[in-house]
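Note sheet for the following structure.
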Amino acid sequence: MPVSGGLSLRVSLDPQGQAPRVALRSQRPVEASRVLIGKPVEAAATLIPLLFSLCGHAQGIAARRAVEAALGQQPSQEQEETRQRIVATEAAQELAVPMVLDWPSAHRIDEAQRVNRARALRAAAATVFACGQGTDGQSAARHMADAIERAMGLVDGAVEAAEQADAQMTALAGQPLEMPCRPLPPLSAQQGADLMRDPAAGVLPQAPLWRGAPAESGPMAAWVLRRGESDAGRAGLAMRAQARRQELIDITQFLRSPEGQIVAPPGARAPFAWSEEKGCGLGVASSARGTLIHRVRLEKGQVADWMIIAPTEWTCHPAGVFPQAAQRWAEGLMGQGYDLSHPAGQGLLRQGLEWLVRVMDPCVPCQIDLTPLGANETEDGKAHA
C-alpha cells in the first residue's frame, strides 16, 4: 500500500495588513522506510516500489542497487541498460502526463485529445516496464519515444501557458517573480555516501543541504548546470516550464540511443552503487524530479536501517526557493495595492501559488492554505486608500 502524506503551503495573512508570512510544511512520511527494519532483505527490496505512488520504478531500482552494494553483488551491463531505460521512461511519463492532462494550455485543446495522449504515454511506458532486457526492451523504448514526440504539441501549449502566466504575474506584481535556482548536481552513489557523512548536510532525510545550503534537483537544476550560472537567477515560471520540456527532449533522445549507452553523472567513479563496508550499501537513480538516494544497512540478512532521500526533500526544502518565491509573490501583490483580505485579491494570490506548485512539481499533493482576513474590501481587490 502506498504511503500517504503531502505538503502544505500556508500563507498567514496579517490582520493589520502587514506582509503575509509563508511557510512550507511537509507531512511526507520521510521515515516510511523504517517499516522495512527487521524484514529479510529480499522481501524489503520487493516492497519498496509498492510504498510509492509516484517514481515507484526509480525507488525500486535505487533500492535494488543499494542492496546489491551491501551484498557485494555486481549487476550485468545489460541489467543496467534495462534499468536506465525504465527510469528514463518513468521520468518522461511523470513529466509529460501532467502537462498534457492537468496544466492549463495556451491552445484550445479538446479534452478527449488530452486524455488520449495521456493514455498513449502511459500505455507506452507500461510496455517498457514489462519488456525487460534485449531487443524487445529497446523496441519498447523507441515506442515510448514516439509517444513523447506525439504529445509534444500539448506540452508546447502548456509551456506557452506558463510563459503567459509568468508575464501576467510580472505585470501584477510590478516586477519579475524571482525564483533563483541553486542546482544540486547529479550525485553518484559515492557522492551520496559522502553526503551522508557531511556535517553540513542538514537534517537527513527531511531537510537536506548541499554544501551547507538548500539546493534544487530536477529539470531546472539540469538546465542551469548545462547553460551556466547566468540562467540561475532567471529561473521563473517560463524557464522552469521550458526546462521540463527540454528534459523530455533529452529523454526522447536517450530512449532512441544505441544499445549499450548508459547515462551516468560525469566523472563518477561509482555512478549507481557504492559500499564502504560489508553489509552497508548506497544506490541512486535519476527520477523525474532529480537524484533519488537509498542507503541500507544489513545484519544477518535482515534490514537494520534504511534511509531514502527523495528529490522533493531538496526542491521543497522549508527554507528553499519554493516558499521564498511564494513569499515574494504575496508581497509583490500587496506592494501593488492588492488587498489580500478581499476574495479578488486572494484569487490572484492563489492563481500564482498554483503555478508555483506546478513548476516546482512535488511528488506529493500540495495544499494551498490561505488564512483569510476580515479587512475592508473593494470591487477589484485593491486596498482602500
With a 1.4 angstrom probe the carbon and sulfur portion of accessible area for the chain, in percent, totals 49 percent
For the chain, the dipole about the Cα centre with charges only on Cβ (Lys and Arg +1, Asp and Glu -1), to the nearest 20 debye, works out at 600 debye
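Nothing charged except the Cβ atoms of Lys and Arg (+1) and of Asp and Glu (-1): what's the magnitude of the dipole of region 146-304 about its Cα centre? Round to the nearest 20 debye. Walk me through the numbers on the way to the answer.
Values: 17 positive and 18 negative charges, 99 e Å.
Computed about the Cα centre, the dipole is about 480 debye.
Above 15 Å lies some portion of the pair distances; for region 124-214, what is it as a whole percent of all C-alpha pairs?
Numbers: 3128 of 4095 pairs.
Above the 15 Å cut-off, region 124-214 has 76 percent of its Cα pairs.
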Once normalised by the length of region 89-152, the mean sequence separation of its alpha carbon contacts under 8 Å that are 6 or more apart gives a contact order in percent of 41 percent
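Expected output is a single nm value to one decimal: the length gained when fully extending between Q175 and S139, i.e. 0.36 nm times separation in residues minus the C-alpha distance. What is it?
Details: separation 36, 0.36 × 36 = 12.96 nm, distance 4.82 nm.
My answer for the length gained is 8.1 nm.
Once R0 is set to 41 Å, what does the formula 1/(1 + (r/R0)^6) return for the Cβ-Cβ distance between A200 and I368, expressed as a FRET efficiency to the nearest 0.05?
Working: r = 32 Å, r/R0 = 0.78.
Approximately 0.80, to the nearest 0.05.
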Computed over all unlike Cα pairs, the Kirkwood hydrodynamic radius of the chain in Å stands at 21.9 Å
Placing +1 on each Lys and Arg Cβ and -1 on each Asp and Glu Cβ in the chain, then taking the dipole about the Cα centre, the residue among A91, W223, V159 whose Cα reaches farthest towards the positive end is A91
Residue by residue through region 167-172, the couplings from Karplus 6.51 cos²θ - 1.76 cosθ + 1.60 with θ = phi - 60°, in Hz, x for Gly and Pro, are 5, 5, 5, 4, 5, 5
GNM of the chain, Cα pairs under 10 angstrom: of P208, P180, P365, the biggest fluctuation goes to P365
Helix 343-360 sits off the longest principal axis of the Cα atoms of the chain, rounded to the nearest 10 on a 0 to 90 degree scale, by 20 degrees
Rounded to whole angstrom, the alpha-carbon centroid of region 89-121 lies from that of region 212-255 at a distance of 20 Å
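Restricting everything to alpha-carbon atoms, can you work out Rg to Rh for region 166-209 with a Kirkwood hydrodynamic radius? Walk me through the intermediate numbers first.
Working: Rg = 17.1 Å, Rh = 13.3 Å.
Value, to two decimals: 1.28.
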Going residue by residue through region 195-212, the Karplus relation 6.51 cos²θ - 1.76 cosθ + 1.60 with θ = phi - 60° gives ³J(HN,Hα) values, rounded to whole Hz and with x marking Gly or Pro, of 4, 4, 9, 7, x, 9, 7, x, 8, 9, x, 7, 9, x, 10, 10, 6, x
Expressed in nanometres to one decimal, the distance between label points 7 Å along Cα→Cβ at A130 and R25 is 4.4 nm
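Could you give the length gained on full extension between H107 and R227, defined as 0.36 nm per residue of separation minus the Cα-Cα distance, in nm?
Working: separation 120, 0.36 × 120 = 43.20 nm, distance 2.90 nm.
Residue separation times 0.36 nm, minus the Cα-Cα distance, leaves 40.3 nm.
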Taking a crude spin-label model, label points 7 Å out from Cα along the C-beta direction, the Q73 to D14 distance in nm is 5.8 nm
Sorting I37, S53, Q77 by the position of each Cα along the dipole of region 29-80 (Lys, Arg +1; Asp, Glu -1; all at Cβ), the one nearest the positive end of that ordering is I37
With the charge dipole of the chain built from beta-carbon charges (+1 for Lys and Arg, -1 for Asp and Glu) about the Cα centre, the Cα from Q190, W355, S139 projecting farthest to the positive end belongs to Q190
Here the gain from full extension of E42 to E160, 0.36 nm per residue of separation minus their alpha-carbon distance, amounts to 37.9 nm
Tilt, helix 237-255 to longest principal axis of the chain (alpha-carbon atoms), in degrees rounded to tens, equals 20 degrees
Region 88-217 accessible area per residue, 1.4 Å probe, protein heavy atoms, integer Å², reads 43 Å²
From DSSP H assignment alone, runs of 4+ in the chain each adding -39500 (n - 2.57), the sum over residues rounded to the nearest 500 puts [θ] at 222 nm at -16000 deg cm²/dmol
Square roots of five times the C-alpha gyration tensor eigenvalues of region 37-116, ordered largest first and given in whole Å, equal 35, 15, 8
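The values are calculated or read from the model by the stated rules, or taken from the named source; none is laboratory data. None of the values given here were measured: they were computed from a predicted structure. Neighbour counts run over all protein chains shown; Cβ positions are idealised from the backbone, glycine included. These accessible areas exclude ligands, DNA and RNA; they are computed on the full protein's heavy atoms, side chains included. Shrake-Rupley method; radii C 1.70, N 1.55, O 1.52, S 1.80 Å.
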